[in-house]
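Below: one structure, written as structure tokens.
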Amino acid sequence: MQIRSESLRLAGKKIAFVPTMGYFHEGHLSLMREARKRADQVVTSIYVNPTQFGPKEDFSKYPRDFERDAQMAQSVGVDVIFYPSDQEMYPSGYQTYVNVEKVTQNLCGASRPGHFRGVATICCKLFNIVKPHIAIFGKKDFQQLAAMKRMVSDLNMDLEIIGMPTFREPDGLAMSSRNVYLSPEERPSALTLVKSLKLAQKLYAAGERKASKIIDEAQKLIKSAMNTEIDYIKICDASTLEDVEDIQGETVMALAVRVGKTRLIDNFTVE
Ligand code: AMP
């Protein structure tokens, strides 16, 4: 991969990169389509990265289907799928990790210790291997996108990070590889994430600027559905990801909710 990328760079070609854990859906494909528009070569990676999963998380049962993914990637014009093994990424003796600090502490960072250390480490490694000019991430994973922007800036990495809007199912549910875990009975509960964000938007549009008031209403809506357990609902400054009480400037409302055994996240930003 490095040799290929280096020769593309020497030939003056622009490389766009979409890192993923596979089991593609339209959200992934929307990033690849954007990559296709912006570069000469589109590289995607499929790697379920063990270092970003906690001991009790779904690493072993995370959905995987390489053949299906390969066909979908080809259909949107991806040139290369980088598909490494654990042995290649973390050979014995491996001991170097990347820690993005403040911006990874709140939200998912608080409930998934070590998660963003794993994300930053694997993305740093993938950037060194793929040597992209641009890397495209989804805003659905808002904190991940913020951490990647921070890492690239702090470590003087020579690439641009681009964020793309969240792609949704027709009913509004944010697309996620983990949606396959949801039973039909759990679907209405899963929809409370987007419904509570819409409710928050409505309250904001009507002039509400107190974060706690908006969070209370969102909480009520989610708790009224079956089998939901709120991990967090937060309103934060969109660049530092620190909690805010008075909404002003660019702000993100982010939430994580367990529906049955499936942990779902969603967010929206206001300017
Ligand atoms: P994943 O395979 O879940 O690690 O996601 C790979 C990339 O796709 C990440 O940059 C995600 O933010 C992005 N992504 C996941 N779901 C969506 C979605 N519904 N819309 C847009 N991008 C997404």
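Here are the numbers:
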quantity	calculated
Per residue value of the accessible surface for the chain (all protein chains in place, 1.4 Å probe), Å²	50
By accessible area with a 1.4 Å probe, ligands and nucleic acids excluded, highest first: order of Met226, Met1, Met89	Met226, Met1, Met89
Degrees between helix 192-205 axis and first principal axis of the chain (Cα, 0 to 90, nearest 10)	70
Top positive-direction residue, dipole computed over the range 1-112 with Cβ charges, set His28, Ile81, Ile15	Ile15
Beta bridges per DSSP with both ends in the chain, % antiparallel, nearest 5	55
Given charges at Cβ of Lys, Arg, Asp, Glu: the chain dipole, positive-most of Thr96, Gly172, Val194	Gly172
The range 37-195 shape via C-alpha gyration tensor axes, a/c threshold 1.5	rounded
Largest-first principal axis extents, alpha carbons of the range 69-131, Å	38, 31, 20
Extension gain from Glu250 to Tyr83, taking 0.36 nm per residue of separation minus the Cα-Cα distance	56.5 nm
Square roots of five times the Cα gyration tensor eigenvalues for the range 196-253, Å	20, 14, 8
Stokes-Einstein D in µm²/s, Kirkwood radius over Cα pairs - the chain at 25 °C with 0.890 mPa s viscosity	126
With every protein chain in place, the chain: carbon and sulfur % of accessible area (1.4 Å)	49
Using alpha-carbon coordinates, inclination of helix 115-130 to the longest axis of the chain, degrees	30
Helix 211-223 vs. the chain, principal-axis angle (Cα, 0 to 90°, nearest 10)	90
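The values are calculated or read from the model by the stated rules, or taken from the named source; none is laboratory data. Here the structure is a predicted model, which means the values were calculated and not measured. Glycine gets a Cβ as well: all are built from the backbone with ideal geometry, and neighbour counts include every protein chain shown. Side chains included, ligands, DNA and RNA excluded: accessible areas come from the protein's heavy atoms. Shrake-Rupley method; radii C 1.70, N 1.55, O 1.52, S 1.80 Å.
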